[in-house]
Each structure stands twice: as structure tokens, then as C-alpha cells.
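Nothing in this text is a laboratory measurement; each read-out follows from the coordinates by a stated rule. Keep in mind that what you see is a predicted model, and the values were worked out from it rather than measured. Backbone-built Cβ (ideal geometry, glycine too); neighbour counts: all protein chains shown.
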Amino acid sequence: MNYRLELKKIRAFAFDVDGVFSRYMLVGDDGKLLRFMNPKDGLAVKIALEEGYRVAIITGGVDESVRIRFTNLGVEDIYMGTRQKKLYYFEQFMQKYSLLPEQVLYMGDDLPDYYVMQAAGFSACPIDAAPEIKQVADYICDRPSGEGCVREVIEQVLKVQNKWENFFNRLQEQYEKMKD
């Protein structure tokens, strides 16, 4: 399969969080998790949203900081506490926006993502994903979790669809207007 041809069909992204956006977590004295996330992944999510793509977060985590992070990026579809029901929420996301499986890229890293990755039209994972996930992934990123793997897949989709350049051109136009 020429995966770049498949990327032309993508209209939406769905992501797991831990092991995709974050690689390391610290547990505070209060039991709360502190995640380290790459700002380039966040910018890529914002660009995707600005370019008209739908973005969903489907995570087994329940920490409110995750909701805050992605709400601040502009993500509206945030499904938390989904560990045993990721496929259900993935299907709800597709139904909400009348998306076909081949129009959605899902990125996960571990066993709870397995069935969602099989249901998605295109699946991706970080290079440090679980072996079972790598076996079903259509694309294995060059980057590990928390190190820009989300940016890698979003950028590839937008470049294949000529939307990355559109965003960059608008950015340049805004900069030129500011100089005047």
C-alpha cells in the first residue's frame, strides 16, 4: 500500500494521549500525574483544526489537566476514561461528523488502542509503541512518543493535501501585514 495515497482521504484525526503525546509522567505527592508534552505536537493540532480537520482525543486517562490542555488547543471532542471503550468512542466521533473509517487517522501506542487502530482507515503509532500495535499500524513514525510523532503524522497529511503550504503562506501574509 502506498500510504501517501491513503493520507489524501483523511478528514479527521483521533489520538490516544499517554504514549502518544506524552512519553514520561511524574506522579506528584498528591497522586496527580504530570505529563511532558511536545509543543510542536500542540501546534500541529492547532494547524489541523484551523485547516478544517476534526480532532478527537480518546484516552483511558481521567486527569482533568488533559482536558484543559486539549481544550486550550481548540479540541472539542475529548473522550476520557475510555480504556475499555475506545472503539465505542471512536465510532461515536465518526458518527457525530458523518465520517467514514477511511477518512480518519487514529494514532495509538498500546494494547487498548489495538481494535481502534484496526477500525480506522489509517493507523499510526510512535516508533516506541508496543509490538502488537506496530503489527497493525499502517505507519510507524520515525519519532517516539512525546517527541513530535503527532506533528509528524499531521504534517504528512497536510502536506499530501497541500494544506501545510496554505497555512504557512497565511502565516507569511500575516507577518507581512504586521510589518506595514
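By the combined test of axial Cα extent (at least 20 Å) and Kyte-Doolittle hydropathy (mean at least 1.6), none of the DSSP H helices of the chain qualifies. Computed over the chain, the P(r) tail beyond 26 angstrom holds 26 percent of alpha carbon pairs.
Note on TYR115 and ARG67: with the Förster distance fixed at 22 Å, the Cβ-Cβ geometry gives a FRET efficiency of about 0.40. A Förster distance of 25 Å, applied to the separation of the beta-carbon atoms of LYS159 and ILE127, puts the FRET efficiency at 0.80.
Applying the criteria of a DSSP loop state and at most 15 other Cβ atoms within 10 Å to the chymotrypsin sites (Phe, Trp or Tyr not before Pro) of the stretch 25-104 yields TYR97.
The trypsin sites (Lys or Arg not before Pro) found in the stretch 32-104 that occupy coil by DSSP, while having at most 16 further C-beta atoms within 10 Å, are LYS32, ARG83, LYS85. Distance between the 7 Å Cα→Cβ label points at ILE140 and TYR88: 3.2 nm. For the residue pairs LYS96/LYS177; LYS32/LYS134; LYS9/LYS46, alpha carbon separations beyond 27 Å are given by LYS96/LYS177; LYS32/LYS134. For the stretch 36-90 versus the stretch 150-180, the spacing of their alpha-carbon centroids is 21 Å. Sorting the segments 145-155, 126-136 by their mean number of nearby beta carbons within 10 angstrom, highest to lowest, gives 145-155, 126-136. Each DSSP beta bridge with both residues in the stretch 3-179 is either parallel or antiparallel, and the antiparallel ones are about 20%. Taking only C-alpha pairs under 8 Å that are 6+ residues apart, what is the relative contact order of the stretch 37-180 in percent? The value is 20 percent. Using the Cβ-Cβ distance between LYS177 and LEU5 with R0 set to 25 Å, the FRET efficiency from 1/(1 + (r/R0)^6) comes to roughly 0.10.
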